[in-house]
Structures are given as C-alpha cells and as structure tokens.
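These notes are about the structure you will find just below.
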Amino acid sequence: MRYGTLASAALLAIAVLRDSTAQTYALALFAFWWLVPTLPLLVLAALRRKWRSAAALVVPALVFVTTWGPSLAPVHTEKQDLRVATYNATHGVGTDGVLALVHDGDPDVLLLQELTGRQMTLLDRQLAETYPHRSFGPRSQEQGDGDAVLSRFPITAVEPVTGLPEGARPADLVHLDVKGHPTSVFSVHLASPCLLCGPSGDRGNPSGSTAQSAAVRVAESHRFAELAAQRRAAGDLVILAGDINSSELNQPLGVLTSQGLVDVQAAVGRWPHLTRGSWPGLARVDVVLVDGFTPLRIWEGPRGPSTHSPILADLALSA
C-alpha cells in the first residue's frame, strides 16, 4: 500500500508542478522504471485480496498502461517510402557511431544532433557519396555543437528557425523534395536539463537552472509545434526528430503532439526504446514525430560511442 500511495503522490506532484522542479522533472523523466512494478503488484494484491493496497495501485498502474501500453501494439508491415533516423552523436566522440548507423540502418534521411565543427567536417566528407544532399546547421556559441540533416532526397531550401527563446540552441528548417512531396524537416535538440544546478543555474548550461531550462524546453516545443503546423497548413509533409531531453510524462512531448504531430513510437512502437544511457536505458528522450506520413515501424539502433541510442523509423506517404 505504501508504494502505491507514494507512486500516486509522485504522479500528483508531476501533474501540478510539471517540469518546474528538479524533483518532478526527474520523476517524470524516469517514470517508466518506478512505475514498472505497479502491474505485478496490483495483480498480487488482488490475488491476496488486499483491496486497500490494490486500490492504491490502480492509478499508477493505469498511468503505466496508458503511457507505455501502446508499445505492445502490432507492427505495420507495408513497404516504406522512406526511412528516417535520428541520433544524438554526442559532442566530440568522433563519427564511428554515425557511420555504423548509416551502414547498418541505411536511413534515407539522417537527423543528427550535438555535432562539433570537427565532426561536421568529417561527416561532410565521409558521407558525401551516401548522402549527396547535406545541411549542417549553426552551432551553439556556448556549447560549440549543432544539428545536421543528411538526405538522399534533394534539399530545396534551408532557413533558420526564428522565435526560439533565449538559451535555446539555434536550429534550421530544411526543405526536402521527397518523391515529389515538399517536406519540412526539423532536427531538434531542446535545452539541456540542469538537475544539479542551484536556483541561479550553472555557467556551463546556457538555459539556466532546472526550472529555467524546463521553461526554455517548453517554449522551444511550442515554437517548433507552431512552425510544424504552419508548414503542414502550407501543404508540406513534416518530420521533426531529435533529442528533446524529456520523456512521456514531461511537458515538451505533449506540446509537440498538441498540433497534429504524431509520435511514431506511440503509433507503432513495440518496445519503450529508452534511448538515454546504456542498455536498457534510463529514459526515452530521442523521438521521431511526423505529420502527413503513415508510421510503419520504429526501432532502436546500437548506441555506439554516444550516450544516446539512435532511433530509426519507416514511414509511408499517406494516401
């Protein structure tokens, strides 16, 4: 009963305080792990007819089932029109992980985050033949890394993303021609958290303290969701993928899906895909979101030298 009560209290704190404190941000980020026991404990309590304990476990178990239960959905098997991959390659660790992902996963469109200038230079040369169309975005002045979009489909235009909050990493909107369909692509890396920072933040984190960085991530998410909706209204298909530094119970993912973006993991995933940290991972912070495509399949690739695992998704052009 005590565990169920504590789990319910934690979920209430997340609902009220959201990501504004280090405690509730971390509880939401790693919720998969501390909610895993709810289902077997609920069954055990019911079998033993400990109804008070069972009652205390109902809400946490329901949250777990509704949040991660779709991971048990069947996988679509239709032939894909394109394969997308997103990978936080990790600042300065080299390019071996990216090259392995390209060799083994063979994505048509590759979205990368946290690339240093040296990594960009190397990949521009190493993948020139595989991806004739490459866009390396601006690098953060404070952190020295940036994003990239590498594509087998033609890049028709690149424009900077405007309207991002202070403390956000710069980003580009990359326009592709995917088999005659104009497609807007965003490789995103939302503000990094600062779990151990004090109220005044940390000099190494441009987005500030835990509460400040949470507010930056939410503002970034609203802006990217707004831009994605605008591009879809203009007739484009949309792919938005990357490291959002948030999991299912944190705010940004809900914001991003609030204006029509579909979380491919929620649609066709068959495993939680906890991409941050060594297998089995700590939390799912790397996502693929789409609008105008039909999700077919999603899976997690080998982590390699990065602190993140790549995510690959097969998509079909919607009829």
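See the values below:
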item: Percent of beta bridges antiparallel (DSSP, the chain, rounded to nearest 5); result: 80
item: For the chain, size of Cβ-based charge dipole, Lys and Arg +1, Asp and Glu -1, in debye; result: 1300
item: Sequence-distant residues sharing a close amide H with residue 145 (under 5 Å, placed H); result: 140
item: Karplus-derived 3J(HN,Hα), 6.51/-1.76/1.60, for each residue of the range 155-163, Hz, glycine and proline x; result: 8, 9, 6, 9, 9, x, 7, 9, x
item: Accessible carbon and sulfur surface of the range 237-315 relative to its total accessible area, %, 1.4 Å; result: 56
item: Average Cα contact separation per residue, the chain, under 8 Å, 6 or more apart, as relative contact order %; result: 20
item: Integer Hz, Karplus 6.51/-1.76/1.60 couplings in order for the range 305-313, x for Gly and Pro; result: x, 6, 8, 10, 9, x, 10, 10, 9
item: Fraction of antiparallel bridges per DSSP, the range 186-287 only, in percent to nearest 5; result: 50
item: Residue-wise HN-Hα coupling along the range 243-257, computed from phi with Karplus coefficients 6.51, -1.76, 1.60 (Hz; x: Gly, Pro); result: 9, 9, 6, 7, 10, 4, 8, 7, 5, x, 5, x, 5, 5, 8
item: Residues with amide H under 5 Å from that of residue 262, placed H, sequence gap 5 or more; result: 290, 291
item: Beta bridge orientation in the range 9-165: antiparallel %, DSSP, nearest 5; result: 70
item: Other-chain or far-sequence residues with amide H under 5 Å of residue 133's (modelled H); result: 151
item: Among 33, 299, 51: highest mean-square fluctuation, GNM of the chain, C-alpha pairs under 10 Å; result: 51
item: Loop sites in the range 1-95: trypsin sites (Lys or Arg not before Pro), DSSP, at most 12 other Cβ within 10 Å; result: 48, 49, 79
item: All-pairs Cα distance distribution in the chain, expressed in whole percent, bin size 20 Å; result: 32, 56, 11, 0
item: Per-residue [θ]222 nm for the chain (sum of -39500 (n - 2.57) over DSSP H runs n ≥ 4, rounded to 500); result: -10500 deg cm²/dmol
item: For the range 257-319: relative contact order, % (alpha-carbon pairs under 8 angstrom, 6 or more apart); result: 32
item: Relative contact order [Cα under 8 Å, 6+ residues apart], the range 106-255, whole percent; result: 20
item: Kyte-Doolittle mean at least 1.0, axial Cα span of 20 Å or more - DSSP H helices of the chain; result: 2-17, 51-68
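The values are calculated or read from the model by the stated rules, or taken from the named source; none is laboratory data. Values in this document were obtained by computation on a predicted structure and should not be read as measured data. Using ideal geometry, Cβ is built from the backbone for each residue, glycine included, and neighbour counts are taken over all protein chains shown. Please note that ligands, DNA and RNA were not included when accessible areas were found on the heavy atoms of the full protein model with its side chains. Shrake-Rupley method; radii C 1.70, N 1.55, O 1.52, S 1.80 Å.
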